[in-house]
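Quick notes on the structure that follows.
The values are calculated or read from the model by the stated rules, or taken from the named source; none is laboratory data. Everything quoted here is computed from the prediction, not taken from an experiment. Backbone-built Cβ (ideal geometry, glycine too); neighbour counts: all protein chains shown. Calculation scope for accessible area: heavy atoms of the full protein, side chains included, ligands and nucleic acids excluded. Shrake-Rupley method; radii C 1.70, N 1.55, O 1.52, S 1.80 Å.
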Amino acid sequence: MKRPDFMAVALQEAEAAALRGEVPVGAVIANGSTIVASAGNRTRELADPTAHAEMLVIREACGKLSSERLTSHDLYVTLEPCAMCAGAISFARLRRLYFGAADEKGGAVVNGVRFFASPTCHHTPDIYPGMGETEAGLLLKDFFRERRD
């Protein structure tokens, strides 16, 4: 069986978020070749500043599995996680983090506070930046350009 392209699914979630007027960020949690959960940003829709794609997908996966730990799971997200999301990734004990576009302003993995390098970070996933970077970056640039025009 062919393994699904998890980042492609995350990009679809980001596109759906953009259509809802949300910042286009999408996320997928996978275990092996199975998608456990997927989500896109919903901060405006839910009037919830914590409704980032990563937070929603972690909540959904933990709920489905009745566990606060996702130790054998991988997260695919279209944008570098912020500090809040990096904290949730660490607490969920996700095995791997794959992300698309770097976020110089709000990112906290390879930019900003570099959360996982902090001595107070309890768990650091394996980190793979740049997956789907071009597509994710274009989606974000187009979204914000349309808002400015």
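Miscellaneous remarks
- Pairs with Cβ under 9 Å, 6+ apart, first in segment 100-126 and basic (Lys, Arg), second surrounded by fewer than 17 Cβ atoms within 10 Å (Cβ to Cβ): LYS105/ASN111; LYS105/GLY112
- Matching option when the condition is in contact with a His (Cβ under 9 Å, 6 or more places away or on another chain) and part of a helix (DSSP H, G or I), among ILE58, ILE89: ILE89
- Breaking point among (1) within 20 Å of THR50 (Cα to Cα); (2) in a loop (DSSP other than H, G, I, E, B); (3) touching a residue at least 40 places away in the same chain (Cβ under 8 Å); (4) aliphatic (A, V, I, L, M), for LEU140: (2)
- Test for THR124: is it among the polar types (S, T, N, Q), open to solvent by 80 Å² or more (accessible area, probe 1.4 Å) and in a loop (DSSP other than H, G, I, E, B): no
- Test for PRO129: is it of a type outside the set (Phe, Trp, Tyr), closer than 20 Å to LEU75 by Cα and open to solvent by 60 Å² or more (accessible area, probe 1.4 Å): yes
- If only residues of segment 14-37 that are touching a residue at least 60 places away in the same chain (Cβ under 8 Å) and assigned to a helix (DSSP H, G or I) are counted, the one that is surrounded by the fewest Cβ atoms within 10 Å (Cβ to Cβ) is GLU15.
- Against the test of being open to solvent by 50 Å² or more (accessible area, probe 1.4 Å) and touching a Pro at 6+ places or on another chain (Cβ under 8 Å), the options ARG114, ARG96 yield a single qualifying residue, ARG96.
- Verdict on TYR128 being within 18 Å of ALA16 (Cβ to Cβ) and touching a Phe, Trp or Tyr at 6+ places or on another chain (Cβ under 7 Å): no
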